[in-house]
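This report concerns only the one structure given below.
The values are calculated or read from the model by the stated rules, or taken from the named source; none is laboratory data. Because the structure is predicted, anything quoted here is derived from the model rather than measured. Don't worry about glycine lacking a Cβ; one is built from the backbone with ideal geometry, like all the others, and counts go over all protein chains shown.
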Amino acid sequence: MKPLISFNANPNEPSWRAVNDGVMGGRSSGGPEITNGRLRFEGTLSLENNGGFSSVRTVGKTFDLSQASAITLKVRGDGRTYQLRLATDARFRGIAVSYGSSFATVADAWTEVRLPLAELKPTIRGMALDGPPLDAAHVREIGLLIGDKREGAFWLEVDWIGVEAVESLE
């Protein structure tokens, strides 16, 4: 595993920002906080006004994941299911495409999650697409999202995000 993001205040680390369902009239809240070398993503999910998601995303850094076979994360959460999401410049009808996969957390326990890049599915606004394929060489955003249709408080801590290299065929 090669470290990608370690939340250690290194100037090469990306910034994080929140994008919640308020962009479409929803009432969910949530955001990132980096302290003690960890990212904490927490808030409250609301289904009011057709809402129901909260997310955090990297800002200001692009990632070349062309030599990666999987993304790995060390996480501790509340027992709910979250999504890892990657974004490139891919668009469908002018709307940004996200490539994602869900992962479960075990309440109050640290676990390592492995998400193969080949299994990330393209979507826009939660709608599944048949393509385009992920251009792993030009990832402009790494994100975490909760949208499990369960109202209430949520929290997820991330100790690190890493990548597994493509295995040599030799």
>> I'd like the full set of residues that are of a type outside the set (A, V, I, L, M, F, W, C), surrounded by 14 or more Cβ atoms within 10 Å (Cβ to Cβ) and either at positive phi or in contact with a Phe, Trp or Tyr (Cβ under 7 Å, 6 or more places away or on another chain) (or both), limited to segment 122-140.
In response: PRO122
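For every residue, the table says whether it meets (1) in contact with a strand residue (DSSP E or B) (Cβ under 9 Å, 6 or more places away or on another chain); (2) of a type outside the set (D, E, K, R); (3) in a strand (DSSP E or B).
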residue: ARG40; (1), (2), (3): yes, no, yes
residue: VAL56; (1), (2), (3): yes, yes, yes
residue: LEU65; (1), (2), (3): yes, yes, no
residue: ALA70; (1), (2), (3): yes, yes, yes
residue: GLN83; (1), (2), (3): yes, yes, yes
residue: ALA87; (1), (2), (3): yes, yes, yes
residue: SER102; (1), (2), (3): yes, yes, yes
residue: VAL113; (1), (2), (3): yes, yes, yes
>> Here is a list: ALA87, ALA68, ALA96, ALA118. Which entry is touching a helix residue (DSSP H, G or I) at 6+ places or on another chain (Cβ under 8 Å) and either within 24 Å of LEU45 (Cα to Cα) or not hydroxyl-bearing (Ser, Thr, Tyr) (or both)?
In response: ALA68
> Among the residues of segment 7-14, is any free of Cβ contacts under 8 Å to residues at least 60 places away in the same chain, charged (D, E, K, R) and surrounded by 16 or more Cβ atoms within 10 Å (Cβ to Cβ)?
Replying inline: yes
> From the list THR81, THR88, which one is surrounded by 13 or more Cβ atoms within 10 Å (Cβ to Cβ) and either small (Gly, Ala, Ser) or within 17 Å of VAL158 (Cα to Cα) (or both)?
Replying inline: THR81
> Is there a residue in segment 125-137 that is within 24 Å of SER15 (Cα to Cα), part of a strand (DSSP E or B), in contact (Cβ under 8 Å) with a residue 24 or more places away in the chain and not basic (Lys, Arg)?
Replying inline: no
>> Need pairs with beta-carbon distance below 6 Å; first residue more than 10 Å from SER54 (Cα to Cα) and within segment 26-37, second loosely packed, with under 12 Cβ neighbours inside 10 Å and modelled with pLDDT under 95; sequence gap 6+ or separate chains.
In response: none
>> Residue under question is GLY143, and the condition is that it be at negative phi and in contact with a strand residue (DSSP E or B) (Cβ under 7 Å, 6 or more places away or on another chain); does it hold?
In response: yes
